[in-house]
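The values are calculated or read from the model by the stated rules, or taken from the named source; none is laboratory data. Predicted model only: the values in this text are computed from it and were never measured. Glycine gets a Cβ as well: all are built from the backbone with ideal geometry, and neighbour counts include every protein chain shown. We work out accessible area using only protein heavy atoms, side chains counted, and drop any ligands, DNA or RNA first. Shrake-Rupley method; radii C 1.70, N 1.55, O 1.52, S 1.80 Å.
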Amino acid sequence: MTGRAVEVLSVGPLALVEDLGRPGFAATGVGRSGAADRAALRLANRLVANPERAAGIEVTFGGLAVRATARHTVALAGAAAPADVDGTPVGHHCLVDLRPGQVLRLGVPPTGLRSYLAVRGGIAVEPVLGSRSTDVLGELGPPRLAAGQVLPVGPEPDDLPLVDVAPVAEPPGGPVTLRAIPGPRADRVADLSVLTSTAWTASSRSDRVGMRLEGGRLDWADGGEIPSEGMVRGAVQVPSGGEPVVFLADHPLTGGYPVAAVVVDADVDRAAQVRPGQAVRFRFVDPPWRDR
């Protein structure tokens, strides 16, 4: 096998090609999608001197193994899954060299949920509407990765890596507090304080569409669904059952349930690293525009 590529040997529960998404198509019914933890993908790309929009591999709960077909410089970020190259342990948030034929394997991360692999040059699968992201809700973009696939890697950028290691904290394993502001339909919830006073638990039904929460109930103020309206990443929607959903990367573009709150954009990446069974709290903060 020749050429700049990586061969997928195993994928674990889920592995996807993701970049920063396809903005600008919401009016035609196409969501942005992209990496669930955008900060982690950006960091991995910066380490190997890729443009921040370059596509990498998003790995959910470990299990990825890839073989290099050429010499590659790679970096891992996000959930710090145990990693090795041909049995020799390697770290996250640092540069890793792969020689032709060497295999990089990821185990299950002790904390966090999603790890990101950036390859210098970027994963160069065919873009769809300007993005190489896989949208699992819209079924758009590259297919989910499977053993046997060979992913082309683009030419190395002119820029060279500037650092060998980035000192970044790993995702927490304990309770996670998400900052939020009251949503546009906060008045449709009988008691909004329940959102911040409840110790929620991330459900096993969570996915890239949204983090579903259990452990309490937000009742509607005056019943009934509302006319469908636009939804954004970070929206905390309250279905009729009262258990809120925090929308993530592949959220629907519209919805008819009240949005009680919206998670601060920077904390949506933190939400994407929350694993099932982990505790989640909300804390209201002032809207960022209040001081302007």
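Remarks
- Residue count, the stretch 21-39 (criterion: open to solvent by 10 Å² or more (accessible area, probe 1.4 Å), among the hydrophobic types (A, V, I, L, M, F, W, C) and either in a strand (DSSP E or B) or under 19 Å from LEU248 (Cβ atoms) (or both)): 4
- Residues located in the stretch 129-156, provided they are farther than 18 Å from ARG67 by Cα, within 19 Å of the chain's Cα centre (by Cα) and of a type in the set (A, V, I, L, M): VAL136, LEU137, LEU140
- Hits in the stretch 252-274 - residues which are assigned to a loop (DSSP other than H, G, I, E, B) and open to solvent by less than 30 Å² (accessible area, probe 1.4 Å): GLY256, PRO258, ALA272, GLN273, VAL274
- Counting only residues that are among the β-branched types (Val, Ile, Thr) and touching a Pro at 6+ places or on another chain (Cβ under 7 Å), the stretch 103-122 holds 1 of them.
- The set of residues in the stretch 1-20 that are among the charged types (D, E, K, R) and part of a loop (DSSP other than H, G, I, E, B) comprises ARG4, ASP19.
- Subset of the stretch 94-103 (residues that are free of Cβ contacts under 8 Å to residues at least 40 places away in the same chain and either in contact with an Asp or Glu (Cβ under 8 Å, 6 or more places away or on another chain) or closer than 22 Å to VAL268 by Cα (or both)): GLN102
- Among the residues making up the stretch 12-45, those that are basic (Lys, Arg) and touching a residue at least 60 places away in the same chain (Cβ under 8 Å) are ARG22, ARG32, ARG38.
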